[in-house]
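**Student:** I have a structure I would like to understand better, so I am pasting it below and will then ask my questions one at a time.
The values are calculated or read from the model by the stated rules, or taken from the named source; none is laboratory data. Given the structure is predicted, the values throughout are model-derived calculations rather than measurements. All Cβ positions, even for glycine, are placed from backbone atoms using ideal geometry, and neighbour counts span all protein chains on display. All accessible areas refer to the heavy atoms of the entire protein, side chains included, with ligands and DNA or RNA removed. Shrake-Rupley method; radii C 1.70, N 1.55, O 1.52, S 1.80 Å.
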Number of protein chains: 2
Amino acid sequence: MIDVQSVLSRYAPDPEEKNNIERLVHNLESRIRSITARDGIDAEPVLVGSVAKHTNLKNADIDIFIVFSRKYRTTEMEKLGLKIGHEVLPEGVERYAEHPYVSGAIEGRKIDLVPCFRIDKGSGIVSSVDRTPLHTEYVLSHLDREGQDQVRLLKLFMKAIGVYGSEVRTRGFSGYVCELLIINKKNFQEVLRFFSESKGRIIIPSDSDLAKKYNAPFILQDPTDASRNAGAAVSMENLSRMKLESRLYLLEPSENFFTPKMEPAPALARNNGTALRIIRLPRPDLVDDIIFSQGERLRKIVVEHLQERGFHVMDSDLYVGETVDVLVEAEIGILPAFVRHYGPPVDSENSVDFVRKWGSRSFRGPYVHEDRVCADIHQEMRGIDESILSILERSNIGKNLQAVKPLAKVIDPLATGEAFKVIGKYYSRNIVS
Amino acid sequence: MIDVQSVLSRYAPDPEEKNNIERLVHNLESRIRSITARDGIDAEPVLVGSVAKHTNLKNADIDIFIVFSRKYRTTEMEKLGLKIGHEVLPEGVERYAEHPYVSGAIEGRKIDLVPCFRIDKGSGIVSSVDRTPLHTEYVLSHLDREGQDQVRLLKLFMKAIGVYGSEVRTRGFSGYVCELLIINKKNFQEVLRFFSESKGRIIIPSDSDLAKKYNAPFILQDPTDASRNAGAAVSMENLSRMKLESRLYLLEPSENFFTPKMEPAPALARNNGTALRIIRLPRPDLVDDIIFSQGERLRKIVVEHLQERGFHVMDSDLYVGETVDVLVEAEIGILPAFVRHYGPPVDSENSVDFVRKWGSRSFRGPYVHEDRVCADIHQEMRGIDESILSILERSNIGKNLQAVKPLAKVIDPLATGEAFKVIGKYYSRNIVS
């Protein structure tokens with residue numbers, strides 16, 4: 001059996017950290033209140049995120065929303081929000097989620113000051129940011145101290161197996177989903193039992209109408225808004241991983257399942273007789289979610305087109321650090337000198353035109369294969385590097401990556417002999433057990 | 001337009017050849033009759049084949065059946081048949097079709113003396129050899145001299161485009177099918193028009209019951225036996241070729257369409273960045289049909305297994321000469337060092353066993369891909385040569401080739417720098433136009 005208390009003592013905040021956070025939050029809220037009072041702004045600070053809900057792990061960020069009255073127009077609210085943010089965090093930088101906000105640090109702890117509008121339950125469609133304070137309220141009123149620790153265990157487990165986080169980077173389970181799961185299933189053990197016994201898609205509650213509305217693999221109805229799937233971000237793969245790892249843990253619990261997953265270390269390429277390439281773009285200065293979704297789009301476009309051209313892509317990966325790196329591993333680095341070009345069925349009138357067109361220009365044929373006329377024609381572009389560059393040139397890879405496309409490099413990591421983080425990530429795709 | 005008479009004068013027998021054949025046939029029949037009279041054998045010679053039907057091209061074989069009374073048992077008939085054959089053709093050798101027979105040559109012309117049983121129309125199931133005399137009779141009574149020349153043109157056309165002959169080697173149109181087509185459609189031009197306008201499978205007559213019984217692409221009901229498809233040998237590919245070439249000829253007639261196709265000349269391999277291999281077996285001393293069907297089986301087995309192992313076979317061919325040569329061209333000559341091994345869906349109980357089995361033995365993983373658990377495992381056998389040899393070792397490639405399997409060689413024609421007929425055949429797979 002696992003010593004749950006020892007796991008918690010390692011990864012949950014101790015009393016000293018809790019006191020520090022409380023003091024910090026109190027100071028930040030006071031600063032904000034004094035500014036709004038001074039400038040006559042109708043807004044108030046609300047602590048949100050895991051700290052507010054007492055489900056935070058060690059070194060959690062502090063997220064404070066600056067909740068504005070609905071009397072402000074959006075642009076005005078955003079402008080005032082940034083002004084307050086910069087005054088409270090003079091070293092902070094601007095970031096952009098649904099509204100712009102200021103992000104900084106105090107005593108080494110990350111602080112986000114995020115402006116939003118005040119809403120009440122059932123007040124119609126609002127942004128997910130604006131909805132956050134309702135989540136805080138719901139969780140605070142449904143989780144006791146024991147439940148808070150169970151959430152922490154579940155988060156640790158999900159982090160260790162790589163399915164924690166609803167960002168595009170991960171497409172996994174958010175902190176709020178962890179909280180709802182514990183509220184629903186009572187404790188960590190029962191949540192794992194539930195996943196380990198589930199087949200196919202998961203719907204909570206099982207009779208939720210959302211199941212008809214969405215075909216997401218994981219549906220968890222938001223108790224603060226019955227029309228919203230709180231688990232919309234969860235990919236099929238992460239749901240599958242969660243089911244399998246839950247089963248493995250219940251069969252043989254181990255502290256491995258709570259050991260935070262490390263960032264991949266840079267790794268050297270292995271010579272597997274394949275064509276391994278890294279497509280590297282400079283990273284535009286934008287929030288992760290935007291970069292990741294464009295990076296994913298780039299990855300898919302490259303894979304799909306290389307596949308069509310006959311390189312037989314085996315696998316691919318994406319790593320975003322200081323650069324956007326897409327890795328592809330293909331069976332073939334140089335295509336054959338010819339390719340079979342299928343013409344129309346012989347029964348079609350066009351088959352004669354095909355014969356005339358390719359009669360003298362083909363490498364072999366035209367000939368009849370089954371019921372179609374074909375010709376083997378010269379392969380125009382044979383190398384994987386030039387193919388990747390031509391794919392980049394012809395494709396729209398998303399607004400922001402598109403702009404840095406001319407700076408794209410295709411790297412053969414075996415030729416450079418250099419270690420890459422995307423390779424480290426690619427090779428470490430393992431199940432925890 | 002084509003000068004039909006000039007084509008015929010080049011490829012049909014001239015009066016001198018016709019006289020020679022007549023004399024030869026008369027002599028052979030007399031010899032057979034004198035032997036049967038001397039030995040009291042109830043049998044008589046019947047000239048069959050294209051010579052009997054006056055549809056022969058230059059240098060045609062002479063086929064004489066020795067038609068036995070049904071009072072003989074099969075073994076007795078075959079023994080007597082061979083005895084007569086050897087006496088008439090002392091230099092002849094024994095061959096085996098449905099019954100054994102003697103094959104020899106006189107004045108450089110090939111002669112086959114084939115024993116068979118006498119049958120009458122509608123006398124029930126008999127061998128196709130025994131049915132041959134009925135075909136001769138039917139064609140003789142339905143084709144006039146002009147029709148005979150039209151058959152000769154059709155045969156020449158089919159030879160030139162490579163679809164003439166019902167043997168396994170060709171899987172095309174037999175001489176008898178050519179005759180029936182001219183009888184049905186009146187002349188060469190109309191036969192081509194018919195093929196050029198046909199879509200999908202061909203059924204003659206169009207209301208034939210055989211269409212329900214067989215799903216062959218080409219059905220031509222035998223007028224001497226309504227239950228038999230005279231065109232059963234015709235492959236989809238040869239039917240397609242016949243349709244397309246008919247259309248090309250009618251659009252632009254040319255003497256190319258009557259120029260006999262040459263045996264492929266040996267050719268050197270081209271370096272296409274592919275893996276080209278020839279699997280060579282000694283040729284067992286058996287009739288073509290048996291060797292070809294076992295050679296085809298070998299070709300299919302090798303292609304299918306290489307495909308399964310991931311070599312991506314592009315095309316293949318078979319050439320039977322003094323050896324049985326199977327050619328394969330594949331995209332890959334050496335497989336990657338690893339292969340993705342798909343385990344069960346994570347929802348299956350076995351997914352845990354899969355993780356345990358491959359946990360420490362895999363190259364990468366086990367990991368979750370979509371809804372399945374996978375592991376990248378080491379590829380055991382990477383080279384195409386060793387893979388071909390292991391495929392040969394594990395497969396049954398037909399009774400007679402099986403026996404010579406230990407003598408199989410895998411040749412890389414680029415490495416030997418030698419020219420091969422199978423390569424000549426492979427590269428010359430062209431439509432006539």
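**Student:** What are the residues in region A:40-53 that are within 15 Å of A:Ser174 (Cα to Cα) and either among the β-branched types (Val, Ile, Thr) or outside any helix (DSSP H, G or I) (or both), if any?
**Tutor:** A:Val48, A:Val51
**Student:** Hey, can you tell me all the residues within region A:18-66 that are among the acidic types (Asp, Glu) and within 20 Å of A:Tyr101 (Cβ to Cβ)? Before you say what the answer is, go through the steps one by one.
**Tutor:** Initially, region A:18-66 is screened for residues among the acidic types (Asp, Glu), giving A:22, A:29, A:39, A:42, A:44, A:61, A:63.
Scanning region A:18-66 gives A:Glu29, A:Asp39, A:Asp42, A:Glu44, A:Asp61, A:Asp63.
Listed here are the residues, each with its yes/no results for (1) within 30 Å of the chain's Cα centre (by Cα); (2) free of Cβ contacts under 8 Å to residues at least 60 places away in the same chain.
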residue	(1), (2)
A:Phe338	no, yes
A:Pro345	no, yes
A:Trp358	no, yes
A:Arg361	no, yes
A:Asp376	no, yes
A:Asp385	yes, no
A:Leu389	yes, yes
A:Ile397	yes, no
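**Student:** Moving to a separate point now. May I ask you to say which residue of A:Ala337, A:Ala403 is at the interface with another protein chain (Cβ under 9 Å from one of its Cβ atoms) and over 28 Å from B:Val163 (Cβ atoms)?
**Tutor:** Working: A:Ala403 fails: at the interface with another protein chain (Cβ under 9 Å from one of its Cβ atoms).
Result: A:Ala337 is the single residue among A:Ala337, A:Ala403 that is at the interface with another protein chain (Cβ under 9 Å from one of its Cβ atoms) and over 28 Å from B:Val163 (Cβ atoms).
**Student:** Please work out which residue is most open to solvent (accessible area, probe 1.4 Å), limiting yourself to region A:195-225 and to residues that are within 14 Å of another protein chain (Cβ to nearest Cβ) and in a helix (DSSP H, G or I).
**Tutor:** Ranking the candidates gives A:Glu197 first.
**Student:** Filter region A:153-175 for residues that are open to solvent by less than 20 Å² (accessible area, probe 1.4 Å) and assigned to a helix (DSSP H, G or I) and give the result.
**Tutor:** A:Leu153, A:Leu154, A:Lys155, A:Leu156, A:Phe157, A:Met158, A:Ala160, A:Ile161, A:Gly175
**Student:** Here's another thing I want to ask about it. In region A:99-113, is there at least one residue being loosely packed, with under 13 Cβ neighbours inside 10 Å, in contact with a His (Cβ under 9 Å, 6 or more places away or on another chain) and in the same structural domain as A:Ser34 (by TED's automatic domain parsing)? I'd like the intermediate steps shown before the answer.
**Tutor:** We begin by selecting, within region A:99-113, every residue loosely packed, with under 13 Cβ neighbours inside 10 Å; these are A:107-108.
Cutting the leftovers down to in contact with a His (Cβ under 9 Å, 6 or more places away or on another chain) gives us none.
The answer is no, given that none of the residues of region A:99-113 is loosely packed, with under 13 Cβ neighbours inside 10 Å, in contact with a His (Cβ under 9 Å, 6 or more places away or on another chain) and in the same structural domain as A:Ser34 (by TED's automatic domain parsing).
Here's the yes/no breakdown for (1) at pLDDT 90 or above; (2) of a type outside the set (Asp, Glu):
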position: B:Ser360; (1), (2): no, yes
position: B:Asp385; (1), (2): yes, no
position: B:Asn400; (1), (2): no, yes
position: B:Lys409; (1), (2): yes, yes
position: B:Thr416; (1), (2): yes, yes
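**Student:** Considering every residue within region A:387-398, establish whether at least one is of a type in the set (A, V, I, L, M, F, W, C), surrounded by 19 or more Cβ atoms within 10 Å (Cβ to Cβ), outside any strand (DSSP E or B) and within 14 Å of another protein chain (Cβ to nearest Cβ).
**Tutor:** No.
**Student:** Tell me which residues, restricted to region B:263-279, are among the small types (Gly, Ala, Ser) and surrounded by fewer than 18 Cβ atoms within 10 Å (Cβ to Cβ). Give the derivation first.
**Tutor:** Residues of region B:263-279 among the small types (Gly, Ala, Ser): B:265, B:267, B:269, B:273, B:275.
B:Ala265, B:Ala267, B:Gly273 - these are the residues of region B:263-279 that are among the small types (Gly, Ala, Ser) and surrounded by fewer than 18 Cβ atoms within 10 Å (Cβ to Cβ).
**Student:** Can you tell me which residue in region A:409-433 is surrounded by the fewest Cβ atoms within 10 Å (Cβ to Cβ), limited to those that are aliphatic (A, V, I, L, M) and closer than 15 Å to A:Tyr319 by Cβ? Even if it seems obvious, please write down each step before you answer.
**Tutor:** Restricting attention to region A:409-433, the residues satisfying the condition of being aliphatic (A, V, I, L, M) are A:410-411, A:414-415, A:419, A:422-423, A:431-432.
From what is left, the residues that are closer than 15 Å to A:Tyr319 by Cβ are A:411, A:419, A:422-423.
Working: A:Ile411: 19, A:Ala419: 13, A:Val422: 26, A:Ile423: 25.
Ranking the candidates gives A:Ala419 first.
**Student:** If you go through region A:108-115 one residue at a time, do you hit one that is on the phi < 0 side of the Ramachandran plot and outside any strand (DSSP E or B)?
**Tutor:** Going through region A:108-115, the residues on the phi < 0 side of the Ramachandran plot turn out to be A:109-115.
When the remaining residues are screened for being outside any strand (DSSP E or B), the result is none.
Checked region A:108-115: no residue is on the phi < 0 side of the Ramachandran plot and outside any strand (DSSP E or B).
Each row is one residue, and each column tells you yes or no for (1) among the aliphatic types (A, V, I, L, M); (2) touching a residue at least 24 places away in the same chain (Cβ under 8 Å); (3) in contact with a strand residue (DSSP E or B) (Cβ under 6 Å, 6 or more places away or on another chain).
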| position | (1), (2), (3) |
| --- | --- |
| A:Arg73 | no, no, no |
| A:Glu76 | no, no, no |
| A:Glu87 | no, yes, no |
| A:Glu98 | no, yes, no |
| A:Gly104 | no, no, yes |
| A:Leu113 | yes, yes, yes |
| A:Leu134 | yes, yes, no |
| A:His142 | no, yes, no |
| A:Gly165 | no, no, no |
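**Student:** Among the residues in region A:366-383, are any more than 14 Å from chain B (Cβ to nearest Cβ) and at pLDDT 95 or above?
**Tutor:** No: region A:366-383 contains no residue that is more than 14 Å from chain B (Cβ to nearest Cβ) and at pLDDT 95 or above.
**Student:** Additional query: Would you confirm, using the coordinates I've provided, whether A:Asp39 is surrounded by fewer than 16 Cβ atoms within 10 Å (Cβ to Cβ) and touching a helix residue (DSSP H, G or I) at 6+ places or on another chain (Cβ under 7 Å)?
**Tutor:** Numbers: surrounded by fewer than 16 Cβ atoms within 10 Å (Cβ to Cβ): yes; touching a helix residue (DSSP H, G or I) at 6+ places or on another chain (Cβ under 7 Å): no.
In short, no.
**Student:** Something else: Tell me which residues, restricted to region B:295-324, are out of contact with any strand residue (DSSP E or B) (no Cβ under 6 Å at 6 or more places or on another chain) and assigned to a strand (DSSP E or B).
**Tutor:** Scanning region B:295-324 gives a single hit, B:Val320.
**Student:** Among A:Pro282, A:Pro260, which is more than 10 Å from every other protein chain (Cβ to nearest Cβ), in contact with a Phe, Trp or Tyr (Cβ under 8 Å, 6 or more places away or on another chain) and surrounded by fewer than 19 Cβ atoms within 10 Å (Cβ to Cβ)?
**Tutor:** Values: A:Pro282 fails: in contact with a Phe, Trp or Tyr (Cβ under 8 Å, 6 or more places away or on another chain).
Of the residues listed, the single one that is more than 10 Å from every other protein chain (Cβ to nearest Cβ), in contact with a Phe, Trp or Tyr (Cβ under 8 Å, 6 or more places away or on another chain) and surrounded by fewer than 19 Cβ atoms within 10 Å (Cβ to Cβ) is A:Pro260.
**Student:** For region A:297-315, give me each residue that is more than 12 Å from chain B (Cβ to nearest Cβ) and within 22 Å of the chain's Cα centre (by Cα).
**Tutor:** A:Arg297, A:Leu298, A:Arg299, A:Lys300, A:Ile301, A:Val302, A:Val303, A:Glu304
**Student:** Quickly run through region A:59-71 and pick out the residues that are closer than 17 Å to A:Gly40 by Cβ and buried (at least 19 other Cβ atoms within 10 Å of the Cβ).
**Tutor:** Scanning region A:59-71 gives A:Ile66, A:Val67, A:Phe68.
Here is a yes/no grid of residues against (1) surrounded by fewer than 16 Cβ atoms within 10 Å (Cβ to Cβ); (2) within 30 Å of A:Asp317 (Cα to Cα); (3) of a type in the set (Asp, Glu):
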{"site": "A:Arg73", "(1), (2), (3)": "yes, no, no"}
{"site": "A:Glu78", "(1), (2), (3)": "no, no, yes"}
{"site": "A:His86", "(1), (2), (3)": "no, no, no"}
{"site": "A:Tyr138", "(1), (2), (3)": "no, no, no"}
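**Student:** Within region B:234-257, can you find the residues that are assigned to a helix (DSSP H, G or I), more than 11 Å from chain A (Cβ to nearest Cβ) and either open to solvent by 30 Å² or more (accessible area, probe 1.4 Å) or at positive phi (or both)?
**Tutor:** If the condition is that a residue be assigned to a helix (DSSP H, G or I), more than 11 Å from chain A (Cβ to nearest Cβ) and either open to solvent by 30 Å² or more (accessible area, probe 1.4 Å) or at positive phi (or both), then B:Glu255, B:Asn256 are the ones that fit.
**Student:** For the structure I just gave you, tell me whether B:Val346 is in contact with a helix residue (DSSP H, G or I) (Cβ under 7 Å, 6 or more places away or on another chain), crowded, with 21+ Cβ neighbours inside 10 Å and at the interface with chain A (Cβ under 9 Å from one of its Cβ atoms). First the steps, then the outcome.
**Tutor:** Values: in contact with a helix residue (DSSP H, G or I) (Cβ under 7 Å, 6 or more places away or on another chain): yes; crowded, with 21+ Cβ neighbours inside 10 Å: yes; at the interface with chain A (Cβ under 9 Å from one of its Cβ atoms): yes.
In short, yes.
**Student:** Working only within region A:299-329, note down all residues that are among the aliphatic types (A, V, I, L, M) and either in contact (Cβ under 8 Å) with a residue 24 or more places away in the chain or open to solvent by 30 Å² or more (accessible area, probe 1.4 Å) (or both).
**Tutor:** Result: A:Ile301, A:Val302, A:Val303, A:Leu306, A:Met314, A:Leu318, A:Val320, A:Val324, A:Val326, A:Leu327, A:Val328.
**Student:** Which numbered condition trips up B:Ser69, out of (1) at pLDDT 95 or above; (2) among the small types (Gly, Ala, Ser); (3) farther than 27 Å from B:Asp288 by Cα?
**Tutor:** (1)
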